[in-house]
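Taking it in order: structure first as structure tokens, then the write-up.
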């Protein structure tokens, strides 16, 4: 994607509108004023993909939600550093790679590229940096040692009394455990665990994430979680690292603490991810980072699930729609609109109706943008659209977006301005205030850009061309099949059937021409 579309540069300053921003915090269940640690700058860490298989729409929803949050922060004038990690080693990657005759790092990279392609196709701004877990083993080892030294982790010895490679966080040593989710399962002793599970229902499906459910020898308490894991006999040699705690590989929860600290420091503004990561992943991250003496995230933000018929979309339930599957049937702009038009904390029901509504929105928006541009004789330059700060956007739009990224309210403000501008263009042309219309067009496109949906962004122009090419290729294949049937009918002297096929194509807007070299077609004018 063209990164010049970011509505911000390094010299931008925070505007007056930023003072009104209020965001929800998962830890305290409240919407509170947002004040960054460092004035004018925001650090965000978002849990990215575990690259074991292809992305589905549920994965992309979280990425798009934080893309909108980031775009709004940029529009407010903040300098934003967004880190989104890649988990490129875990049990499922190793297992699926072995089952498919792949090297684990090969499989991880194949699907990392698929995720990257999906993000780019959907118009997601690239992260400031995208670290891989396997690139930060030294930082993880240092973090484990720090936690051990502070008395909150232990190394399990092997039969000879040497470090086995298994290291666990000692939950009992950390009274603050459970501060994020306030769930009792993480803080109860083992004999109370089963009763708690009965009350809470089945554990949250992390859709391919490593939930530390394997046998974990040497744990002092079932509540403890792995910081470092001894290898299984089936693990390849390339999936093992030598450490002072023995040979092994990182625990899933450890990775994000090490990488967020590496790129954002001991404390940062926002930690984000999907709702299913709150427990145990983010709870464990918080505990181990604080136990290491770090301030860690000041605010936690979580996106709700994508559902189908009220059920969470996931591979394990068999209802995951792959991104490629959806994009083969709908333009990327339409898919993005369907995914970002619901506030990030609300469940998003995925259906044909939501896509139809998104298609209707595209036609309504693009028709207005094209019409206003024709009447004015020009469109505002892309740099002006990208650089228009929140202080210069309609007040009702700013208020909605500052209210915990209330996108439905923001879209309502957008459509209100479109209706007002359409009414002005429908009235007496001599009474049209062209200066007002030009500003309205600029504001509409800037508001759309907050959602990543400015139809004249160069990214969407290219995506539209790609979609048109795919549509034309599909149409060509279907028409050629009809022409082959028509030619066969003519060879069989079944001229009534041949004429019927031609008539059907004509009614559909396809003009057929018979030449000495064969039949050709074109769309009728």
Mind listing whichever residues of segment 115-140 are assigned to a helix (DSSP H, G or I) and in contact with a helix residue (DSSP H, G or I) (Cβ under 8 Å, 6 or more places away or on another chain)? 115, 118, 119, 121, 133, 134, 136, 139, 140
For segment 395-406, state whether one or more residues are at pLDDT 95 or above, surrounded by 13 or more Cβ atoms within 10 Å (Cβ to Cβ) and more than 25 Å from the chain's Cα centre (by Cα). yes
Evaluate segment 74-83: report whether one residue or more is modelled with pLDDT of 95 or more, on the phi < 0 side of the Ramachandran plot and in a helix (DSSP H, G or I). yes
Failed item, numbered, when residue 355 is tested on (1) surrounded by fewer than 15 Cβ atoms within 10 Å (Cβ to Cβ); (2) within 25 Å of the chain's Cα centre (by Cα); (3) part of a helix (DSSP H, G or I): (1)
Within the bounds of segment 146-156, is there any residue that is closer than 26 Å to residue 236 by Cβ, touching a strand residue (DSSP E or B) at 6+ places or on another chain (Cβ under 8 Å) and in the same structural domain as residue 293 (by TED's automatic domain parsing)? yes
Given the structure, is residue 198 at pLDDT 90 or above, in the same structural domain as residue 285 (by TED's automatic domain parsing) and surrounded by fewer than 20 Cβ atoms within 10 Å (Cβ to Cβ)? no
Could you run through segment 247-260 and say how many residues are surrounded by 21 or more Cβ atoms within 10 Å (Cβ to Cβ) and assigned to a loop (DSSP other than H, G, I, E, B)? 1
Tally, over segment 158-179, of residues that are in a loop (DSSP other than H, G, I, E, B), touching a strand residue (DSSP E or B) at 6+ places or on another chain (Cβ under 7 Å) and at pLDDT below 95: 1
Output the residues belonging to segment 279-313 that are surrounded by 19 or more Cβ atoms within 10 Å (Cβ to Cβ) and out of contact with any strand residue (DSSP E or B) (no Cβ under 8 Å at 6 or more places or on another chain). 279, 283, 292
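Results for (1) under 11 Å from residue 80 (Cα atoms); (2) in contact with a strand residue (DSSP E or B) (Cβ under 8 Å, 6 or more places away or on another chain); (3) modelled with pLDDT of 95 or more, shown as yes or no for each residue.
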| site | (1), (2), (3) |
| --- | --- |
| 3 | no, no, no |
| 10 | yes, yes, no |
| 13 | no, no, no |
| 18 | no, no, yes |
| 23 | no, yes, yes |
| 30 | no, yes, yes |
| 35 | no, no, yes |
| 40 | yes, yes, yes |
| 45 | yes, yes, yes |
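The values are calculated or read from the model by the stated rules, or taken from the named source; none is laboratory data. On a predicted model such as this, the values are computed, not experimentally measured, just so you know. Quick reminder, even Gly has a Cβ in these numbers, built from the backbone with ideal geometry, and neighbours come from all protein chains shown.
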